[in-house]
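For reference, the structure discussed in these notes is given below.
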Amino acid sequence: MGEFLRTEGPQRAVYLFDVRLVGVNADNGKKVLFTVAFVVLLLLLAWALRRVAAALLKGNENARTAFWTRQGINLFGGAFLLFGIASIWFDDPTTLTTALGLVSAGLAFALQKVVTAIAGYFVILRRKTFNVGNRIAMGGVRGDVLPSGSCRRPSWKWASRRPSRGPTRLRGCRGIGRGR
(Lines give C-alpha, C1' and ligand atoms only; values in the text may rest on other atoms or scores of the structure.)
Protein backbone atom coordinates (compact mmCIF):
# COMPACT_ATOMS: atom_id res chain seq x y z
CA MET A 1 0.00 0.00 0.00
CA GLY A 2 1.96 2.87 -1.39
CA GLU A 3 -0.44 5.77 -1.69
CA PHE A 4 -3.82 6.15 -0.12
CA LEU A 5 -5.36 8.07 -3.10
CA ARG A 6 -4.08 7.93 -6.70
CA THR A 7 -5.20 8.13 -10.32
CA GLU A 8 -4.14 5.67 -12.97
CA GLY A 9 -4.65 4.90 -16.64
CA PRO A 10 -5.82 6.91 -19.62
CA GLN A 11 -9.20 7.61 -18.01
CA ARG A 12 -7.49 8.59 -14.74
CA ALA A 13 -9.52 6.19 -12.62
CA VAL A 14 -9.38 6.93 -8.90
CA TYR A 15 -7.98 4.32 -6.54
CA LEU A 16 -8.53 4.55 -2.79
CA PHE A 17 -6.23 2.21 -0.81
CA ASP A 18 -5.60 0.23 -4.05
CA VAL A 19 -9.34 -0.29 -4.61
CA ARG A 20 -10.70 1.19 -7.82
CA LEU A 21 -13.74 3.38 -7.24
CA VAL A 22 -16.24 2.56 -9.99
CA GLY A 23 -17.45 5.60 -11.90
CA VAL A 24 -15.09 7.96 -10.09
CA ASN A 25 -12.32 9.58 -12.06
CA ALA A 26 -10.42 12.85 -12.01
CA ASP A 27 -12.80 14.48 -14.51
CA ASN A 28 -15.85 13.70 -12.34
CA GLY A 29 -14.05 15.09 -9.29
CA LYS A 30 -13.33 18.31 -11.18
CA LYS A 31 -16.99 18.54 -12.23
CA VAL A 32 -18.12 18.08 -8.62
CA LEU A 33 -15.85 20.91 -7.49
CA PHE A 34 -17.06 23.18 -10.31
CA THR A 35 -20.67 22.36 -9.45
CA VAL A 36 -20.22 23.14 -5.76
CA ALA A 37 -18.43 26.41 -6.57
CA PHE A 38 -21.13 27.36 -9.11
CA VAL A 39 -24.00 26.64 -6.70
CA VAL A 40 -22.35 28.60 -3.86
CA LEU A 41 -21.58 31.53 -6.17
CA LEU A 42 -25.12 31.57 -7.55
CA LEU A 43 -26.69 31.39 -4.08
CA LEU A 44 -24.54 34.31 -2.94
CA LEU A 45 -25.46 36.30 -6.04
CA ALA A 46 -29.19 35.64 -5.55
CA TRP A 47 -28.91 36.61 -1.88
CA ALA A 48 -27.14 39.86 -2.83
CA LEU A 49 -29.76 40.64 -5.50
CA ARG A 50 -32.58 40.08 -3.01
CA ARG A 51 -30.87 42.40 -0.51
CA VAL A 52 -30.35 45.10 -3.16
CA ALA A 53 -33.97 44.77 -4.32
CA ALA A 54 -35.20 45.00 -0.72
CA ALA A 55 -33.10 48.13 -0.16
CA LEU A 56 -34.38 49.73 -3.38
CA LEU A 57 -38.02 48.89 -2.62
CA LYS A 58 -37.83 49.81 1.07
CA GLY A 59 -39.84 53.03 0.74
CA ASN A 60 -42.30 51.46 -1.69
CA GLU A 61 -45.55 50.41 -0.03
CA ASN A 62 -46.60 48.22 -2.96
CA ALA A 63 -46.29 44.64 -1.71
CA ARG A 64 -47.06 43.30 -5.16
CA THR A 65 -43.89 44.85 -6.63
CA ALA A 66 -41.75 43.40 -3.84
CA PHE A 67 -43.37 39.98 -4.27
CA TRP A 68 -42.81 39.88 -8.05
CA THR A 69 -39.24 41.12 -7.68
CA ARG A 70 -38.43 38.26 -5.28
CA GLN A 71 -40.25 35.76 -7.53
CA GLY A 72 -38.32 36.98 -10.58
CA ILE A 73 -34.96 36.67 -8.82
CA ASN A 74 -35.86 33.18 -7.57
CA LEU A 75 -37.14 31.94 -10.95
CA PHE A 76 -34.23 33.33 -12.97
CA GLY A 77 -31.78 32.02 -10.37
CA GLY A 78 -33.32 28.55 -10.56
CA ALA A 79 -33.27 28.52 -14.37
CA PHE A 80 -29.67 29.72 -14.43
CA LEU A 81 -28.74 27.06 -11.85
CA LEU A 82 -30.26 24.27 -13.98
CA PHE A 83 -28.60 25.57 -17.14
CA GLY A 84 -25.22 25.90 -15.41
CA ILE A 85 -25.26 22.43 -13.86
CA ALA A 86 -26.34 20.89 -17.17
CA SER A 87 -23.49 22.73 -18.92
CA ILE A 88 -20.97 21.41 -16.40
CA TRP A 89 -22.09 17.77 -16.42
CA PHE A 90 -23.28 17.10 -19.99
CA ASP A 91 -20.73 17.42 -22.79
CA ASP A 92 -22.85 15.61 -25.39
CA PRO A 93 -26.38 16.94 -26.11
CA THR A 94 -27.74 13.44 -26.89
CA THR A 95 -26.83 12.29 -23.39
CA LEU A 96 -28.64 15.28 -21.94
CA THR A 97 -31.72 14.64 -24.08
CA THR A 98 -31.88 10.99 -23.05
CA ALA A 99 -31.43 11.84 -19.37
CA LEU A 100 -34.09 14.57 -19.47
CA GLY A 101 -36.56 12.26 -21.23
CA LEU A 102 -36.15 9.50 -18.66
CA VAL A 103 -36.29 11.85 -15.69
CA SER A 104 -39.34 13.74 -16.96
CA ALA A 105 -41.24 10.53 -17.71
CA GLY A 106 -40.51 9.18 -14.23
CA LEU A 107 -41.41 12.43 -12.52
CA ALA A 108 -44.61 12.89 -14.50
CA PHE A 109 -45.77 9.44 -13.47
CA ALA A 110 -44.67 9.61 -9.83
CA LEU A 111 -45.70 13.19 -9.14
CA GLN A 112 -48.94 13.62 -11.04
CA LYS A 113 -50.65 15.68 -8.34
CA VAL A 114 -47.61 17.89 -7.80
CA VAL A 115 -47.29 18.53 -11.55
CA THR A 116 -50.99 19.43 -11.67
CA ALA A 117 -50.60 21.80 -8.71
CA ILE A 118 -47.59 23.51 -10.30
CA ALA A 119 -49.45 23.84 -13.61
CA GLY A 120 -52.38 25.37 -11.71
CA TYR A 121 -49.96 27.77 -10.02
CA PHE A 122 -48.74 29.07 -13.38
CA VAL A 123 -52.27 29.25 -14.82
CA ILE A 124 -53.44 31.33 -11.86
CA LEU A 125 -50.40 33.61 -12.09
CA ARG A 126 -50.57 33.99 -15.88
CA ARG A 127 -54.29 34.66 -16.12
CA LYS A 128 -54.17 36.95 -13.09
CA THR A 129 -57.41 35.39 -11.92
CA PHE A 130 -56.56 35.98 -8.26
CA ASN A 131 -54.23 38.40 -6.50
CA VAL A 132 -52.41 37.87 -3.25
CA GLY A 133 -54.75 38.91 -0.45
CA ASN A 134 -58.01 38.13 -2.28
CA ARG A 135 -60.72 36.14 -0.56
CA ILE A 136 -61.97 33.49 -3.00
CA ALA A 137 -64.46 30.64 -3.07
CA MET A 138 -64.14 27.45 -5.13
CA GLY A 139 -66.70 24.70 -5.00
CA GLY A 140 -68.32 26.19 -1.92
CA VAL A 141 -65.02 26.46 -0.05
CA ARG A 142 -63.75 29.92 0.95
CA GLY A 143 -60.15 30.92 1.48
CA ASP A 144 -57.50 33.64 1.30
CA VAL A 145 -54.81 33.74 -1.40
CA LEU A 146 -51.42 33.98 0.32
CA PRO A 147 -47.93 34.69 -1.04
CA SER A 148 -45.43 31.86 -0.96
CA GLY A 149 -41.93 30.91 -2.01
CA SER A 150 -40.84 28.98 -5.07
CA CYS A 151 -41.35 25.59 -3.38
CA ARG A 152 -44.78 26.50 -2.08
CA ARG A 153 -47.65 27.44 -4.34
CA PRO A 154 -49.95 30.36 -3.61
CA SER A 155 -52.29 28.78 -1.17
CA TRP A 156 -55.52 29.63 0.47
CA LYS A 157 -56.86 28.68 3.83
CA TRP A 158 -59.82 26.33 3.76
CA ALA A 159 -62.68 27.76 5.76
CA SER A 160 -65.73 25.72 4.81
CA ARG A 161 -66.60 24.20 8.19
CA ARG A 162 -65.11 26.64 10.65
CA PRO A 163 -64.55 30.38 10.77
CA SER A 164 -61.26 31.64 9.35
CA ARG A 165 -58.69 32.30 12.08
CA GLY A 166 -56.42 34.40 9.89
CA PRO A 167 -53.88 33.63 7.20
CA THR A 168 -51.87 30.43 7.28
CA ARG A 169 -49.18 29.19 4.95
CA LEU A 170 -48.24 25.72 3.74
CA ARG A 171 -44.82 24.71 5.12
CA GLY A 172 -42.29 23.09 2.78
CA CYS A 173 -43.60 21.01 -0.11
CA ARG A 174 -45.78 18.72 2.01
CA GLY A 175 -49.10 20.32 1.13
CA ILE A 176 -48.67 20.61 -2.64
CA GLY A 177 -51.21 18.58 -4.54
CA ARG A 178 -53.23 17.49 -1.56
CA GLY A 179 -56.94 18.14 -1.54
CA ARG A 180 -56.97 19.97 1.79
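The values are calculated or read from the model by the stated rules, or taken from the named source; none is laboratory data. This is a predicted model, so every value here is computed, not measured. Here the Cβ is made from the backbone with ideal geometry for all residues, glycine too, and neighbour counts use every protein chain on show.
In table form, for the structure just shown:
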read-out: Count - residues of segment 36-84 that are surrounded by fewer than 11 Cβ atoms within 10 Å (Cβ to Cβ) and touching a residue at least 60 places away in the same chain (Cβ under 8 Å); value: 0
read-out: Test result for Ile88, in contact with a Phe, Trp or Tyr (Cβ under 6 Å, 6 or more places away or on another chain) and not assigned by TED's automatic domain parsing to the domain that holds Leu45; value: no
read-out: Residue within segment 112-120 that is surrounded by fewer than 11 Cβ atoms within 10 Å (Cβ to Cβ) and either closer than 19 Å to Phe67 by Cα or not assigned by TED's automatic domain parsing to the domain that holds Arg64 (or both) present; value: yes
read-out: Test: Leu146 is at pLDDT 50 or above and touching a Ser or Thr at 6+ places or on another chain (Cβ under 6 Å); value: yes
